Amino acid sequence: MLHPQIALDFASLGLHREIFTIGPFALRWYALSYLAGVLGAWWYVMRLLRQPAAPMTGEDADSLVTWATLGIIAGGRIAYVLFYNLEEFARHPLDALKIWEGGMSFHGGAFGVGIAILLYARARHLSWLRICDYIACAAPIGLFLGRCANFVNGELWGRVTGHSWGMIFPDGGPAPRYPSQLLEAGLEGLVLFAILAWAFWRTRARLDPGKLTGLFLFFYGCFRFTVEYFREPDAQLEWLQHSTGFSMGQYLCLPMITGGLYLILTAARRRVIVVPTAGLEPRQ
């Protein structure tokens, strides 16, 4: 039995999508989360690169920021259009360019970043997989901030629940729902960051190309697959959940989990040999 009276009303938190507005211009939390996520990830990667046997220099990381940002935006938007709202954008194709109105897919963003890093690594003759390892360690920063922004926006709420920690969202009807955005922020952001930080700083995983990337893909896939049971499916894709038992997000997580396991299990074959002589690059 549902007990809406014990649920927290989202409106009582006084949260708004816009931080401030000046005429037609509005600074929104969602846009700020992207900016802060990129800058936070860049700062953390610069710290990781101070360790011996780094795959690139600080100057390389500075240049990579632009490539990675474009990969996130292009990949995230294209995947959202293709997997989540193709019918709507087919009727209004120019709306696909309105990224400021929201609508991004993490799976597509991750793929876009991977392609951007691949192109950059080839252009600079660097190790693509090792750069991915370092970027993977920093990615949960953006994930955490993005999910917090989703919560502030009152969007991507969860399924109806009778638990006391349910929340009544403005566009979610009168029934309390799981605040699945916060659950994702905790698992995909904080917990995933902690796992990768431990692997990087407390083990020699950074010397096994692909291991940190594999850990990211595997644990993100598992966390997201689990959270999908609490998250309300996209309205246009509810038929998929009803007919197959799994959401689109869960299907997209399966190759991430599989690919992550492969990278973890085969990472030792690619181990970097650190030459303890100043000025020499590590060998593979």
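Computed quantities for the displayed model
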{"quantity": "Subset of the range 157-177 [crowded, with 18+ Cβ neighbours inside 10 Å and part of a loop (DSSP other than H, G, I, E, B)]", "calculated": "Trp157, Thr161, Gly166, Phe169, Gly172, Pro176"}
{"quantity": "Qualifying residue in the range 264-278 (condition: at pLDDT 95 or above, in a helix (DSSP H, G or I), buried (at least 17 other Cβ atoms within 10 Å of the Cβ) and not aromatic (Phe, Trp, Tyr))", "calculated": "yes"}
{"quantity": "Residues located in the range 11-42, provided they are among the aromatic types (Phe, Trp, Tyr) and surrounded by 12 or more Cβ atoms within 10 Å (Cβ to Cβ)", "calculated": "Trp29, Tyr30, Tyr34, Trp42"}
{"quantity": "The range 141-156, residues that are within 16 Å of Met104 (Cα to Cα), in a helix (DSSP H, G or I) and not basic (Lys, Arg)", "calculated": "Gly142, Leu143, Phe144, Leu145, Gly146, Cys148, Ala149, Asn150, Phe151, Asn153"}
{"quantity": "Failed item, numbered, when Gly114 is tested on (1) at pLDDT 90 or above; (2) part of a helix (DSSP H, G or I); (3) loosely packed, with under 12 Cβ neighbours inside 10 Å", "calculated": "(3)"}
{"quantity": "Every residue from the range 1-19 that is among the polar types (S, T, N, Q) and either assigned to a loop (DSSP other than H, G, I, E, B) or at pLDDT 75 or above (or both)", "calculated": "Ser12"}
{"quantity": "Yes/no for Trp201 being exposed (fewer than 15 other Cβ atoms within 10 Å of the Cβ), at pLDDT below 95 and more than 14 Å from the chain's Cα centre (by Cα)", "calculated": "no"}
{"quantity": "Matching residues in the range 82-111 - criterion: being under 18 Å from Tyr251 (Cα atoms) and either modelled with pLDDT of 75 or more or assigned to a helix (DSSP H, G or I) (or both)", "calculated": "Leu82, Phe83, Tyr84, Leu86, Ser105, Phe106, His107, Gly108, Gly109, Ala110, Phe111"}
{"quantity": "Whichever residue in the range 204-231 is charged (D, E, K, R) and more than 23 Å from Leu118 (Cα to Cα) and, among such residues, is surrounded by the fewest Cβ atoms within 10 Å (Cβ to Cβ)", "calculated": "Arg204"}
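Rundown of residues vs (1) farther than 19 Å from Asn153 by Cα; (2) in contact with a strand residue (DSSP E or B) (Cβ under 6 Å, 6 or more places away or on another chain); (3) at pLDDT 90 or above; (4) not in a helix (DSSP H, G or I), yes/no style:
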position	(1), (2), (3), (4)
Thr21	no, no, no, yes
Leu27	no, yes, no, yes
Val38	yes, no, yes, no
Met46	yes, no, yes, no
Pro52	yes, no, yes, yes
Pro55	yes, no, yes, yes
Leu70	yes, no, no, no
Gly75	yes, no, no, no
Tyr80	no, no, no, no
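The values are calculated or read from the model by the stated rules, or taken from the named source; none is laboratory data. Quantities reported herein were computed from a predicted structural model and do not represent experimental measurements. Virtual Cβ from ideal backbone geometry, glycine too; neighbours counted across all protein chains shown.
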